[in-house]
Amino acid sequence: MTNGFRFQLGTPDQECRYPVQLDGQHIGRIYRWHGAWYAAPAGHTDEIRVAAGSAGKELSAGYLVAMYDLRQITPQDENEDQAPEPREFVGPVPLLHPRMPATPRNIEAAHKAMAGLAEFLWTPLGGYPGADNPWFLRCQLCGWQGPRYWSHLRGRNGNPPSTFRHPGCLDAEKVRAAIAAYGMTE
């Protein structure tokens, strides 16, 4: 428990849901959607809105720990309650995440985001979830996969985004050289 909490968070799955472990046992998953954090106890399909904001991740995992302490959660073997392996799409990914309504505004934003991902060498591994929701992506520069937020990737005021893509990616100079939008490609 190096983070000061009783729980440990695992690697997020393709739906950006973090597994929560307590004493090596799987007790559920947490995820963020439109600023709110949700908890899904192990062995259940119900999702409980727990918290919002920057402390929401810890509060949601703490909620699962409290439910476990009250004997309302039976830990599951990781294999029993494990999310499916990330799937490779055949053909294009859906334009919108299943939770996103197909409104004209969402469709327009999704098209802009997909074009931006292509420009900055990201591959979406699911439909557009909205600018401020985690989106499972693959970095075309190094192959890393994980959740990123479109609001952090799109750049501001006509400028390209930060050259920091994710931990372990190429250094800033190589990122600038690989992506035409930075104006350094040959």
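Is it true that GLY43 is in a loop (DSSP other than H, G, I, E, B), touching a residue at least 12 places away in the same chain (Cβ under 8 Å) and more than 18 Å from PRO147 (Cα to Cα)? When the stated conditions are applied, GLY43 passes them.
Condition first: open to solvent by 80 Å² or more (accessible area, probe 1.4 Å), in a loop (DSSP other than H, G, I, E, B) and under 12 Å from TRP122 (Cβ atoms). Now tell me which residues in the stretch 150-186 satisfy that. The one that is open to solvent by 80 Å² or more (accessible area, probe 1.4 Å), in a loop (DSSP other than H, G, I, E, B) and under 12 Å from TRP122 (Cβ atoms): ARG154. Scanning the stretch 155-183 for residues that are over 16 Å from GLN140 (Cβ atoms) and touching a Gly at 6+ places or on another chain (Cβ under 9 Å) gives GLY155, SER162. With respect to (1) in contact with a Leu (Cβ under 9 Å, 6 or more places away or on another chain); (2) under 28 Å from ILE107 (Cβ atoms); (3) surrounded by fewer than 17 Cβ atoms within 10 Å (Cβ to Cβ), the lone exception for PRO124 is condition (3).
Name the residue, out of ALA51, ALA66, that is free of Cβ contacts under 8 Å to residues at least 24 places away in the same chain, farther than 19 Å from SER151 by Cα and surrounded by 18 or more Cβ atoms within 10 Å (Cβ to Cβ).
Working: ALA66 fails: surrounded by 18 or more Cβ atoms within 10 Å (Cβ to Cβ).
On inspection, the qualifying residue turns out to be ALA51.
Among all positions in the stretch 78-95, there is at least one residue which is within 23 Å of GLY143 (Cα to Cα) and modelled with pLDDT of 90 or more.
Against the conditions (1) farther than 22 Å from GLU15 by Cα; (2) modelled with pLDDT of 95 or more; (3) among the polar types (S, T, N, Q), GLN140 satisfies every one except (1). Of all residues in the stretch 9-32 being farther than 9 Å from ALA61 by Cβ and touching a Gly at 6+ places or on another chain (Cβ under 7 Å), which is surrounded by the fewest Cβ atoms within 10 Å (Cβ to Cβ)? So, considering only residues that are farther than 9 Å from ALA61 by Cβ and touching a Gly at 6+ places or on another chain (Cβ under 7 Å), the one surrounded by the fewest Cβ atoms within 10 Å (Cβ to Cβ) is GLN14.
Can you tell me which residue in the stretch 104-116 is farthest from GLY53 (Cα to Cα), limited to those that are surrounded by fewer than 20 Cβ atoms within 10 Å (Cβ to Cβ) and touching a residue at least 24 places away in the same chain (Cβ under 8 Å)? For the stretch 104-116, the residue satisfying everything is GLY116.
The values are calculated or read from the model by the stated rules, or taken from the named source; none is laboratory data. If you're wondering where the values come from, they're calculated on a predicted model, not measured in any experiment. Note that we place each Cβ from the backbone using ideal geometry, even for glycine, and neighbour counts take in every protein chain shown. Calculation scope for accessible area: heavy atoms of the full protein, side chains included, ligands and nucleic acids excluded. Shrake-Rupley method; radii C 1.70, N 1.55, O 1.52, S 1.80 Å.
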